[in-house]
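Q: Input: one structure, supplied below.
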Amino acid sequence: MQLNRGVQILTNPERKLEVLLRLSQVLGQEIHLDRMLGIMVSEVTQAMGAERTSLFLYDEPKRELFSKVAEGMQEKEIRVALGVGIAGATAATRQSINIRNAYSDPRFDSTADKHSGFVTRSLLSTPILSNKNRLLGVVQVLNKLNDEVFTDEDEEFLRGICSHLALTLERAELVEVHVQSQKLQESLRLAHDIQMSLVPQHFPALPDKPEIDVYGTLKPALDVGGDLYDFFLLDDDHLCFVIGDVSDKGVHAALFMAMTRSAFKISARAHQGDWIETILNVVNRFLCENNDSQMFVTMLGGILDLRTGHIKYADGGHEPPFVVRRWGKAEMVEKKGGIALAVIDNYVFQAGEIQLEPGDALVLYTDGINEAMNMQRQLFKDSRIQATLESLRDGESAEVIVKTLMKNLSEFVGDAPQSDDITILVLRYMGTRGLKA
């Protein structure tokens, strides 16, 4: 696969988005592992502004790393025991190691330098971990250009790239199984794993932030799809969140979802502040430029000020959320509307505002909720969502809100098959003093 080098990258955030999109394209189109890894390592070197990159894979039975792609090295294979050298230490601790001066670090093994004549100065080493925290390998980038050192931002970006490498390696394992067994079944399982590995699943999610109570769930349909949700702190006072629904199903939809989530997170961190509409503008433009499959995604993203409860949001044609007031009334948000992303590249999104008071909860969901159908072909509808929310006791936690809604939905649907992904994300604002959930 030849990547298009004609796109001019104007800013660092845009460059990162472009790299992530290209890696997603490689993952979706290239099936030969060696060729795929060679392309991805080359992209890592350019993206990180480094001289060289080395990719080590983990041989679990031997508890060793072995070099799979090592730019500039003549040896066919280098083997490293767990805990030996920087790569071995990275694998043993499963933590990134960022070294400004390699020769001043006692863990650094200069043997490879002596054989090759290369001089390692700065070094960033990051583990490749599966969604189940299984060690798959280690990536090392060497010598930041212009005698600079790798920054905290570089570390975070390389971890994002390693997530794509993990998907690549896991897919390679599945491809071997496909040759021996049912290809379709394994492809669907892969898409399911991708989908579930990219959404937060560990709660309580932000135990050090009493101002906010967050809970989310994603229940895929029997056929895999492309729902997504995410939330993360931009700084001590601002929580960014997003929910979305890709138009299609299957492996390509799951990959498009992964690409969308990565693009949103990188863009959000690059555009600090309340500029949520700018984030959607950037993500939309990149999705439009990298969308040969002609899919689109509805999305609602926002930034919550943990000091005030004020939310600025931007809407990409998504389902209107509800606000559940502390005293029990549920109100559907009258959105400042927008269109789905990856449809019109120059569309300009507008920001809307929501004010949460201490104890209020914002309930976001995908159309797998309101369009769920029972055996009589009746829809659950927004009205049942509202009735369920208003049946809650005052001050229920985000987890109770989600589980009550899922329980009522399950009782309504009965034995009818699930036709779409079901996703709910609830943010309950607790105030600066932190109410008791």
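Q: Could you please let me know if L306 is under 22 Å from A205 (Cα atoms) and either in the same structural domain as L167 (by TED's automatic domain parsing) or touching an Asp or Glu at 6+ places or on another chain (Cβ under 6 Å) (or both)?
A: Here the answer is yes, as L306 does meet what is asked.
Q: Within segment 34-131, which strands (runs of 3 or more DSSP E) (wholly inside it) include 2 or more residues that are surrounded by 14 or more Cβ atoms within 10 Å (Cβ to Cβ) and out of contact with any Lys or Arg (no Cβ under 9 Å at 6 or more places or on another chain)?
A: Once the strands (runs of 3 or more DSSP E) in segment 34-131 are filtered for at least 2 residues that are surrounded by 14 or more Cβ atoms within 10 Å (Cβ to Cβ) and out of contact with any Lys or Arg (no Cβ under 9 Å at 6 or more places or on another chain), what remains is 50-59, 64-70, 123-129.
Q: Yes or no: segment 296-314 includes at least one residue that is among the polar types (S, T, N, Q), closer than 26 Å to S262 by Cα and without any contact (Cβ under 8 Å) to a residue 12 or more places away in the chain.
A: no
Q: Kindly evaluate R384 against the criterion of being closer than 16 Å to A330 by Cβ, at pLDDT 95 or above and out of contact with any Ser or Thr (no Cβ under 9 Å at 6 or more places or on another chain).
A: For R384, the condition - closer than 16 Å to A330 by Cβ, at pLDDT 95 or above and out of contact with any Ser or Thr (no Cβ under 9 Å at 6 or more places or on another chain) - is met.
Q: Scan segment 282-297 residue by residue and report those that are crowded, with 21+ Cβ neighbours inside 10 Å and either touching a Gly at 6+ places or on another chain (Cβ under 6 Å) or assigned to a helix (DSSP H, G or I) (or both).
A: Result: V282, V283, N284, F286, L287, V297.
Q: Taking the criterion of being at pLDDT below 90, more than 19 Å from the chain's Cα centre (by Cα), of a type in the set (G, A, S) and at negative phi, would at least one residue in segment 197-210 satisfy it?
A: no
Q: Could you tell me whether D230 is of a type in the set (D, E) and crowded, with 17+ Cβ neighbours inside 10 Å?
A: It is true that D230 is of a type in the set (D, E) and crowded, with 17+ Cβ neighbours inside 10 Å.
Q: Only one of (1) under 28 Å from V343 (Cβ atoms); (2) in contact with a Phe, Trp or Tyr (Cβ under 8 Å, 6 or more places away or on another chain) fails for E211. Which number is that?
A: If we test E211 against (1) under 28 Å from V343 (Cβ atoms); (2) in contact with a Phe, Trp or Tyr (Cβ under 8 Å, 6 or more places away or on another chain), just (1) comes out false.
Q: Another question, then. Scan segment 214-238 residue by residue and report those that are part of a strand (DSSP E or B) and either on the phi > 0 side of the Ramachandran plot or touching a Gly at 6+ places or on another chain (Cβ under 9 Å) (or both).
A: Across segment 214-238, the qualifying residues are K219, D227, L228, Y229, D230, F231, L234, H238.
The values are calculated or read from the model by the stated rules, or taken from the named source; none is laboratory data. Predicted model only: the values in this text are computed from it and were never measured. Backbone-built Cβ (ideal geometry, glycine too); neighbour counts: all protein chains shown.
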